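The values are calculated or read from the model by the stated rules, or taken from the named source; none is laboratory data. Because the structure is predicted, anything quoted here is derived from the model rather than measured. Neighbour counts are summed over all protein chains in view; Cβ atoms, including those assigned to glycine, are modelled from backbone coordinates with ideal geometry. Just so you know, the surface numbers come from the protein's heavy atoms only, side chains and all, with ligands and any DNA or RNA stripped out. Shrake-Rupley method; radii C 1.70, N 1.55, O 1.52, S 1.80 Å.
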Amino acid sequence: MGIRGTRASSRTDAEELELYRAFVRSLTDVCDAAARGDLEARSHLDPAIEAVPELRTLHDAANRMLDVADAFVRESSAALTSAAEGRFHRRLLERGLLGAYRSSATAINSARAAMQETAGRVIEAQTSRLRMADEFESVVLAMSEQVATASTEMSASASGLGTAAAAASTEVGTAQQTIASLTQSSAEIREIIAMIDAVAAQTRLLALNATIEAARAGEAGKGFAVVASEVKDLADQTGRATERVTAQVEQIRQAADAVASGMGTVGTTVGEMNALVDGITAAVDGSSSLSPGADDTTGLSQMAEKLRSEATGFLAEMRR
Amino acid sequence: MLDTRPAPPPARGAHRTIRPTGVERTFAADELIVSKTDPRGVITYANDVFLRVSGYAARDVMGQPHNLIRHPEMPRAVFQLLWDTLAQGQELFAYINNLASDGAHYWVLAHVTPSHGPDGRLIGYHSNRRKPSPRAVDRIRPLYDQLLAEERRHPTAKAAVAASSRLLAETIEQRGGSYEELVWSVISSEER
Ligand SMILES: Cc1cc2nc3c(=O)[nH]c(=O)nc-3n(C[C@H](O)[C@H](O)[C@H](O)COP(=O)(O)O)c2cc1C
């Protein structure tokens, strides 16, 4: 159909041309607005234009062009916003979009799917990190709990041990004194025995002489001879007794020597034990417990506490 | 819920009640039905597909409230949700049954969004609609029937929309998600 259509027959050519020109001007405005990004712009019909089929067709085509651009911009930005906010169910509908619009929609949807997958992996990593943090926490807490308990127990047994060691060394000292006095007594006993021995020998000699003199005196010395013999027997018995005592004193002396050297070893051991106990105390409570003011060495219990607080800080980071 | 929609002007001329004929009308899958309204819901633009499918001339729809094509079997709760969502500046996807001038009806999958001017101010609303898949409509229809039945148990429009909106919210809650997730579960499984 041309300008001279049936419905246009009432118009002059000049009027018809003016109608076309007016429409071209208004459509140019719409295109300019759209080019500036105003996708609200549309061609609007007035009854005169509606009556010209070509213009009506152009009007519809221009608006369809704008409609699809408008729809695409609205829907694609909403789809991307949703994906960015983690609402991945919101797709871009490809139906109604043709050609480049459709391929672009397809591209956006695959980007959305990729984002969803990445987000899934991030969530998975986050979940496993949190699970790891939980496991780590329970291990560290149990461990520091155990260390704290152990260090409390160790500290208690070290101080018990220290007390026992002190008592032992006192007792060793006392025993050593007792042994020393025992050794001295043995020496004194030996001297006395030697004296008794000498007296007995002297007595035996005297008894012998008395026996000889008694024999010489004949009948008159008979009674004296009996006494002299008794005295000799007595001296002999004394000699045998001192021998036995000497042997026993020697045995006692040897035993005392053995005990004394044993005591010496015990004393050294107790001394070493004291040093060990000090070491344990320092390790458990820190060196400051031994020399207050010097808190450079951390004790086991402080370390356990520190480990717990460091782990707590680390876990807070991990759970972010 | 707040009815944030300003009252549209009364329909021009004799706004006759169109009786639905039960005849279903469709349009092509590659077509978009487009309309724009002012902030009150008064039509400022309708494209050629809109006019052809609804059976109206441009001059019949321009300046008319958008409920011009409202189908009586559409539950009020859906439009309440539409206006509530728009009032929050959000987009909405919804299956809507529309009434053409000759009493035929046509289902659409509508996307409705606010339009903003260069200064960011709200200047109106926009909707483009696609041809829905029949299976999607079959899935949404029972929900709408339920909402409509609820509405018909109440004497006033106000009570009706309150009751069916509550029912809609409960249904969505039971399915454990949002309305958006509900509509997208239908779109994702039934539309291509
Ligand atoms: C951009 C836009 C598009 C709309 N499209 C439709 C539509 O296609 N069909 C419809 O019934 N209502 C549509 N509405 C909603 C109507 O404005 C109205 O709320 C609805 O028809 C209910 O009418 P009623 O309140 O008179 O019951 C649309 C609203 C907006 C803002």
| note | Restricting to Cα pairs under 8 Å and 6 or more apart, the percent relative contact order of chain A works out to 17
| message | Counting pairwise Cα distances across the protein assembly as shown, what percent come out greater than 33 angstrom? | response | 66
| field | Simple label model, 7 Å out from Cα along Cβ direction - B:Thr171 to A:Lys306, nm | value | 6.6
| field | Estimated [θ] at 222 nm from DSSP helical runs (n ≥ 4, -39500 (n - 2.57)) normalised by residues in the protein assembly as shown, nearest 500 | value | -23000 deg cm²/dmol
| field | Euclidean distance between Cα centres, region A:169-205 to region A:102-156, Å | value | 83
| remark: Taking only C-alpha positions in region A:126-243, Rg and Dmax in angstrom work out to 40.2, 132
| query | Per Stokes-Einstein, at 10 °C and 1.306 mPa s, what whole-number D in µm² s⁻¹ belongs to region A:1-151, with the Kirkwood radius over Cα pairs as the hydrodynamic radius? | reply | 76
| On average, how many beta carbons from a partner chain sit within 10 Å of the beta carbon of a residue in B:91-97? | 2
| Residues of type lysines that A:Lys232 reaches as a straight line, Cα spacing below 29 Å, ignoring anything fewer than 8 places off in the same chain | A:Lys222
| query | Simple spin-label model, 7 Å along Cα-to-Cβ: A:Thr106 to A:Glu135 in nm? | reply | 4.4
| note | Amide H neighbours of B:Trp107 at under 5 Å, excluding residues fewer than 5 places away on the same chain, with H built from the backbone geometry, are B:Arg25, B:Asn98
| said: Tell me the relative contact order for region B:26-122 as a rounded percent, counting alpha carbon contacts under 8 Å between residues six or more apart. | reply: 21
| task | Pop out the ³J(HN,Hα) list for region A:188-205 in order, Karplus 6.51 cos²θ - 1.76 cosθ + 1.60 with θ = phi - 60°, rounded to Hz; leave Gly and Pro as x. | result | 5, 4, 4, 4, 4, 5, 4, 4, 4, 4, 4, 5, 5, 4, 4, 4, 4, 4
| message | Of the candidates A:Val24, A:Val172, A:Val266, which one comes out as most mobile in a Gaussian network treatment of chain A with C-alpha springs shorter than 10 Å? | response | A:Val24
| note | In this structure, the FRET efficiency calculated for B:Ala159 and B:Ala87 from their beta-carbon separation, with R0 = 25 Å, to the nearest 0.05, is 0.70
| field | Using a Förster distance of 25 Å, the FRET efficiency for B:Gln146-B:Ala57 (Cβ separation, nearest 0.05) | value | 0.10
| field | Whole-Hz couplings from phi, Karplus 6.51/-1.76/1.60, listed for region B:59-66; x for Gly and Pro | value | 5, 7, 9, 4, x, 9, x, 5
| Using protein heavy atoms only (no ligands, DNA or RNA), what is the total accessible area buried between B and A, 1.4 Å probe, nearest 100 Å²? | 2600
| said: Just to verify a number: FRET efficiency for A:Asn209 and A:Thr178, C-beta to C-beta distance, R0 = 60 Å, to 0.05? | reply: 0.80
| remark: Within region A:147-165, the residues whose backbone N lies under 13 Å from a label point placed 7 Å from the Cα of A:Asn274 along the Cα-to-Cβ direction are A:162-165
| field | Sparse-neighbourhood loop sites, trypsin sites (Lys or Arg not before Pro) in region B:54-160 - DSSP loop, at most 13 other Cβ within 10 angstrom | value | B:Arg121, B:Arg152, B:Arg153
| said: Taking 10 °C and 1.306 mPa s as the conditions, I'd like the Stokes-Einstein D for region A:115-173 in µm²/s, using the Kirkwood hydrodynamic radius from alpha carbon pairs. | reply: 102
| said: Among A:Ala175, A:Ala51, A:Ala164, which one shows the highest mean-square fluctuation when chain A is modelled as a Gaussian network with alpha-carbon springs under 10 Å? | reply: A:Ala51
| message | In 10 Å bins starting at zero, report the fraction of Cα pairs in region A:246-290 per bin as a rounded %. | response | 26, 25, 19, 15, 11, 5
| message | I'm checking a number: the convex hull volume of the Cα atoms of region A:13-90, normalised per residue, in Å³. What is it? | response | 84
| request: In whole angstrom, note down how far apart the Cα centers of region B:85-152 and region A:224-269 are. | output: 127
| field | Mean separation of Cα contacts under 8 Å, 6 or more apart, over the residue count of region B:33-191: relative contact order % | value | 22
| said: If I compute solvent accessible area with a 1.4 Å probe over the protein chains, what percent of it on the protein assembly as shown is carbon and sulfur? | reply: 59
| Accessible area of region A:187-230 divided out per residue, in Å², using a probe of 1.4 angstrom | 72
| said: Given N residues in chain B, what is its alpha carbon radius of gyration divided by 2.2 N^0.38 Å? | reply: 1.00
